[in-house]
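Written below as structure tokens is the structure these notes are about.
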Amino acid sequence: MDPEIPVCRKRIAVLASGRGSNFQAVIDAIAVGDIPAVCVGLVTDNPGAYAIERARAAGIPVTVVEYARFPSKAAYEEALLAAMRNCRADLFVLAGYMRILGSAIVHEFSGRMMNIHPALLPAFAGLHAQRQAIEYGVKVAGCTVHLVDEGMDTGPIVVQRCVPVLPGDDESMLADRILIEEHEALPLAVKLFCEERLEVTGRRVRIR
Ligand code: GRF
């Protein structure tokens, strides 16, 4: 990229519930200048999430919206929506966020929320995707980054990466192999969004 042309950096925020290795991959890609963005916040439903440590180490503000503290799913979603609005992000990245988002959130951020799923969608949506793949007996597995719509792992596909399923694989061996690809696929998808290179027509995402 021409160093004379100033790059307009997008504001991205991440939702994560756990370990946050995909979050870290995005943090690292921003740090080395691969993604023209600034990460403006981590929002998590889990006060014990290791992703919080990663955010703190990178100087990223953290908001905890703990599910158990709310009397209902609706109240939780309202607080989550407020936390997300507060980020004023151009893009929300779901990196191991383990809850299904309600329709108010999905509609408000439609076209600017992406999720990483450890399977080659539309196969094996939902929980334990790697276990589903092994039990089904597929020979190829992988990961998918997709835009978020109201369904479970059903939105338009941005990036996919595949890996072989080997004869002796158990769930965790396959998950580890897929995770390596996730750490490439998610930063790439975020970068394409931030560079305004995604053109979405219905289910299809063209990369400019
Ligand atoms: C990843 O496998 C991701 O695809 C799935 O949850 C896992 C999160 O891992 N949605 P991490 O927290 O990013 O390490």
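Among the residues of segment 154-171, some residue qualifies, meaning at least one is open to solvent by 40 Å² or more (accessible area, probe 1.4 Å), touching a His at 6+ places or on another chain (Cβ under 8 Å) and either of a type in the set (D, E, K, R) or within 13 Å of the ligand (Cβ to nearest atom) (or both). If you check residue 88 against the conditions, is it within 18 Å of residue 149 (Cα to Cα) and open to solvent by 70 Å² or more (accessible area, probe 1.4 Å)? No: the conditions fail for residue 88.
Regarding segment 72-81, can at least one residue be identified that is of a type in the set (A, V, I, L, M), open to solvent by less than 10 Å² (accessible area, probe 1.4 Å) and free of Cβ contacts under 8 Å to residues at least 40 places away in the same chain? Looking through segment 72-81, at least one residue is of a type in the set (A, V, I, L, M), open to solvent by less than 10 Å² (accessible area, probe 1.4 Å) and free of Cβ contacts under 8 Å to residues at least 40 places away in the same chain.
Scan segment 91-101 and tell me whether some residue there is more than 16 Å from the ligand (Cβ to nearest atom), at pLDDT 95 or above, open to solvent by 20 Å² or more (accessible area, probe 1.4 Å) and on the phi > 0 side of the Ramachandran plot. No. Residue 68 meets the conditions (1) surrounded by fewer than 15 Cβ atoms within 10 Å (Cβ to Cβ); (2) at pLDDT 95 or above; (3) of a type in the set (A, V, I, L, M, F, W, C) in every case but one. The failed one is (2). Checking each residue in segment 9-34 for being more than 27 Å from residue 82 (Cβ to Cβ), away from the ligand (no atom under 16 Å from the Cβ) and of a type outside the set (Val, Ile, Thr) picks out 31, 33, 34. Scoring residue 200 on the criteria (1) free of Cβ contacts under 8 Å to residues at least 60 places away in the same chain; (2) outside any helix (DSSP H, G or I) leaves a single failure, condition (1). Within segment 119-129, identify whether any single residue is exposed (fewer than 14 other Cβ atoms within 10 Å of the Cβ) and away from the ligand (no atom under 16 Å from the Cβ), and answer yes or no. No, that holds for no residue.
Can we say residue 142 is within 14 Å of the chain's Cα centre (by Cα) and farther than 29 Å from residue 47 by Cβ? Judged against the criteria, residue 142 is not a match.
The values are calculated or read from the model by the stated rules, or taken from the named source; none is laboratory data. Here the structure is a predicted model, which is why all the values come from computation and not from measurement. Neighbour counts run over all protein chains shown; Cβ positions are idealised from the backbone, glycine included. Calculation scope for accessible area: heavy atoms of the full protein, side chains included, ligands and nucleic acids excluded. Shrake-Rupley method; radii C 1.70, N 1.55, O 1.52, S 1.80 Å.
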